[in-house]
Every structure is written in C-alpha cells, then in structure tokens.
Amino acid sequence: MSSISSIDSSIYSGLIEHLQTPSSRQPLAGTRSSVVESYSSPNEPIDLSNYYSDLASRDLLTEVAQNVAQSADALDSAMVSALENGMSVQDACNVNAALHAYHANCAVLKSTFELKI
C-alpha cells in the first residue's frame with residue numbers, strides 16, 4: 001500500500017455534503033441588457049514627433065553612483081542598527097533587503113558604465 005492510498009478520507013464526507021447543499025441566496029431578479037458604448041468622435045491621432053525633445057540632460061553615471069552610495073549608507077546603518085539591537089529577526093530582514101538593494105544598484109552602475117564606454 002502506498003502512502004497516498006493509506007490516507008483516511010472519511011473526514012471529508014461531511015465537508016463534501018456541506019458544500020453540496022443548495023445556496024440560500026435568491027437568484028438575481030431580471031436580466032441585464034448589454035452595454036453598447038458609442039463614441040461621439042473617433043480617436044484623433046496624437047503627434048509624437050517631439051516626444052523626446054523636452055528631456056532634461058543629466059549625467060546618468062553620476063546619478064547611478066549616488067544611488068550606490070545611498071544604498072551603501074543604508075546597508076551600513078542597517079548593520080549598525082542590527083548590532084545595537086542584538087540582531088532580531090526584523091534586523092536580519094532589514095540587512096538582507098539593504099544588501100540586495102546595494103547589489104542591484106552595483107549591477108545598474110556596472111551596466112551604465114559599460115554603456116557609457
């Protein structure tokens with residue numbers, strides 16, 4: 001006899017009978033008519049020719065490096081807080097999240113630097 005066939009399923013018979021009882025809710029009265037959407041004017045075309053012309057010029061490599069520095073500071077403060085609090089479960093979660101954020105920002109910095117070159 002396998003372990004699956006040795007499972008006692010007699011406790012489920014009452015549950016199955018309970019689920020098969022008819023619902024006491026009344027059916028919805030009446031029927032709903034279908035909704036027909038009508039538009040007063042057709043969709044007008046949108047001019048996207050100058051879509052990227054208003055972008056502010058900025059140094060992405062500097063911004064990404066600042067994000068790495070901020071995530072390193074967050075990781076440092078999370079580890080200091082964990083040492084001060086005696087490393088609770090919440091502190092371990094905070095350190096883990098800060099570590100993953102730091103690694104993600106480092107990966108973004110690496111790929112941005114490679115694109116810049």
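The values are calculated or read from the model by the stated rules, or taken from the named source; none is laboratory data. Values in this document were obtained by computation on a predicted structure and should not be read as measured data. FYI the Cβ positions are ideal-geometry reconstructions off the backbone, even for glycines, and counts take in every protein chain you see. Please note that ligands, DNA and RNA were not included when accessible areas were found on the heavy atoms of the full protein model with its side chains. Shrake-Rupley method; radii C 1.70, N 1.55, O 1.52, S 1.80 Å.
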Single residue of region 48-68 satisfying the filter (among the small types (Gly, Ala, Ser) and modelled with pLDDT of 75 or more) that is surrounded by the most Cβ atoms within 10 Å (Cβ to Cβ): 65
Residues being open to solvent by 70 Å² or more (accessible area, probe 1.4 Å) and farther than 30 Å from residue 61 by Cα - total across region 74-109: 6
Residue within region 71-80 that is assigned to a helix (DSSP H, G or I) and among the hydroxyl-bearing types (Ser, Thr, Tyr) present: yes
Residue in region 86-101 that is in contact with a helix residue (DSSP H, G or I) (Cβ under 8 Å, 6 or more places away or on another chain) and part of a loop (DSSP other than H, G, I, E, B) present: yes
